[in-house]
1. Run the helix sum for chain B: -39,500 (n - 2.57) per DSSP H stretch of 4+ residues, divided by residue count, reported at 222 nm to the nearest 500 deg cm²/dmol.
2. What do you get when you divide the Cα radius of gyration of chain A by 2.2 N^0.38 Å, with N the number of residues?
3. State whether the protein assembly as shown is rounded, prolate or oblate according to the following rule on the C-alpha gyration tensor (a ≥ b ≥ c being the square roots of its eigenvalues): a/c under 1.5 gives rounded; otherwise a/b larger than b/c gives prolate, and the remaining case gives oblate.
4. Please average, across the residues of A:173-186, the number of beta carbons from any other chain that are within 10 Å of each residue's own beta carbon, and give a whole number.
5. How much mean residue ellipticity at 222 nm does chain A get from its helices, if each DSSP H run of length 4 or more adds -39500 (n - 2.57) and you divide by all residues, to the nearest 500 deg cm²/dmol?
6. Multiply the residue gap between A:Leu116 and A:Leu185 by 0.36 nm, knock off their C-alpha separation, and tell me the result in nm, one decimal place.
7. Quick one: which residues, 5+ away or cross-chain, put their amide H under 5 Å from the amide H of B:Ile53? H built at 1.01 Å from N.
8. GNM on chain A, C-alpha springs below 10 Å: top fluctuator among A:Phe118, A:Phe11, A:Phe55?
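Nothing in this text is a laboratory measurement; each read-out follows from the coordinates by a stated rule. As the structure is a computational prediction, the values presented were derived from the model and not from experiment. In this analysis, Cβ positions are derived from the backbone assuming ideal geometry, glycine residues included, and neighbour counts consider all displayed protein chains.
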Amino acid sequence: MRLQVPLAITFIVGLVMLVQFFVPHKVGEDVMDALTAWARIIGAFALVLGIGSLFQRHLERMRRRREGWQYSIVTLLSFTVMVIVGLAWGKEKGSPFNWAFTNIQVPLDASMFSLLAFFVASAAYRSFRARSPESTLLLLAAVVVMLGRVPIGEQLSPRLPEATEWIMSVPTVAAKRGILFGVALGAIATSLRIIVGIERSHLGVESRT
Amino acid sequence: MRIDRRLIYLAIAAVVAAPFVFNWTLPLGSASPRTRAIYRHIEALPPRSAIMICFDYGPASMPELHPMGIALARHAFSRKLRVIGLTLGPEGLIMAQNALSAAAKDYGAREGEDWVNLGYKPGFISVILGMGTDIPKVFRTDHRGVPIAELRAMEGIRTYADLGLVVELTASPAINDWVVFAQSRFHAKLAGGVTAVMATDMYPYLQAGQLIGLLNGLKGAAEYEALIRHPGLASLGMTSQSFAHVAILAFVVLGNIGYFATRRRRR
């Protein structure tokens, strides 16, 4: 029963949503409204589960003194403080929550992401080599696009932005479109497998092949 | 030839900081057709039309996307349009509030009357789907807890059909869900604002007409600021970005010179 009930629910709901998409009837729209409302409620509960999982994992790490357990204290303390501060004084401009988000989280998050600029420069220097005809083509395309996408490129030559536009709109889109088709077909296949019960990894069991 | 990576880091830091320190600016050039398309669309909307801006980004992508949100909101307020802000990710709540209130201040737009921040709602796809049939049912209050029915900014807004434009600002593939569910199913008039690395993923949608327009990274934001004649953070950052790109290319050229010189010596 532990396996059959979820499989049955998946099958029935999946089929209903599939049919509903193609049937523009008021009953179908009401069913969709109800199911999407339930999905939003489940999403909210998933947040609660996520928080519980976060606490469980970090408390376990602290208990067992695993590597980096001190950072787990920082994580749980920061989380708890932000929740209490947000609930007690709100999140409007001027509130402690807003101050902490704007002056602590934003600079920290932005700094972490900013490190990428340095790593990209270093990685580009070390590994962007014209070793073969394909890598030479890639290198030339990268030079054109990197210059064409910034004002200095247009200053150097008005052809650079035009060339950039061609590279972005023609060969790149062709490749992207192919990838999108592949992803879409894969998603359809996986969805059908889940609906009919062949794919069961989401239930924690091995799929039937 | 091997350059110590610390020198590379120092060089990048110097070229990025120099334009801010010495106040160097480069002329921006013309706006791309994708940016102009969004600008023209908003220009054509009658007063009191509503546009929806979804602030689905956090501090990490803020440098590229936040100026877009502010510029779009400024443009809307200058045209006497209503702006409905929301977010489907928790970090976007304060981003939305900061962007909308910063833009509103310049034009005397009032929260509740001319703009509203609906706040954050979990569920992503289910929220997009739900708004297709009944926005007030999905967002019963704004982020302050004021009921939707009491907000003049939400008058007559029920579905995507009542919105002049929906703009999704994101650094993730989330915009695909907006195209699939909001545009394809409910025919929302959709535009996107994405980070530069994401832009190529959006071109198929642009060419298919599923996206009205696209703001492409920091340059897209700077172009929009130039179109509304209100230079801001993005315009300021473009000179730094130019110098950084040139520096990276210089390192790539140096690396290749060293590679070919070493290869020749080995032969």
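1. Values: 10 runs with 134 residues, N = 267.
The helix contribution divided over chain B gives -16000 deg cm²/dmol.
2. Details: Rg = 25.8 Å, N = 209, 2.2 N^0.38 = 16.8 Å.
It is 1.54.
3. rounded
4. 2
5. Result for chain A, helices only: -26500 deg cm²/dmol.
6. Difference between extended and current length: 21.5 nm.
7. HN-HN under 5 Å from B:Ile53: B:Ile84, B:Gly85, B:Leu86, B:Val167.
8. A:Phe118
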